[in-house]
1. Do you know which of the residues in the range 21-75 that are outside any helix (DSSP H, G or I) and among the β-branched types (Val, Ile, Thr) is modelled with the highest pLDDT?
2. Filter the range 76-106 down to the residues that are open to solvent by 50 Å² or more (accessible area, probe 1.4 Å) and not in a helix (DSSP H, G or I) and list them by number.
Amino acid sequence: MLGSLFLPLRNVLSPQAALEDANVHLENARKAKRSELALTYCNESQKALARIRTSVRKALVSSVSVEDQAIRNEIASTYFELGELLENLKRHDKAQTCYKNSEKWG
């Protein structure tokens, strides 16, 4: 049932599109009335971020363009916000992982 609520996984998404997916899931998690549903949205947000992590990180390692740094900052911000939400949902280990990922991207 919940699978139909989420955007389908697409391996061909641009980093910006995957980031938008992650933020949509994050916003839905914030609005969820039930913690179980919020956690499901958080997991989907993490999956969207994971899809871009490897490809983007490799592409941006030596990049210094303003646009590339802006994407990295957005990814870091999304991980941080996800960590805060997971912290509120008493998922401390997952929250710490998100905070660490935020530091890596930022």
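The values are calculated or read from the model by the stated rules, or taken from the named source; none is laboratory data. Everything quoted here is computed from the prediction, not taken from an experiment. Accessible surface areas use protein heavy atoms only, side chains included; no ligands, DNA or RNA. Shrake-Rupley method; radii C 1.70, N 1.55, O 1.52, S 1.80 Å.
1. To start, the set of residues in the range 21-75 that are outside any helix (DSSP H, G or I) comprises 32-34, 61-65.
Narrowing further to those that are among the β-branched types (Val, Ile, Thr): 61, 64.
On the way: VAL61: 54, VAL64: 59.
Ranking the qualifying residues of the range 21-75, first place goes to VAL64.
2. Once the filter is applied, which keeps residues that are open to solvent by 50 Å² or more (accessible area, probe 1.4 Å) and not in a helix (DSSP H, G or I), the range 76-106 yields LYS90, ARG91, GLY106.
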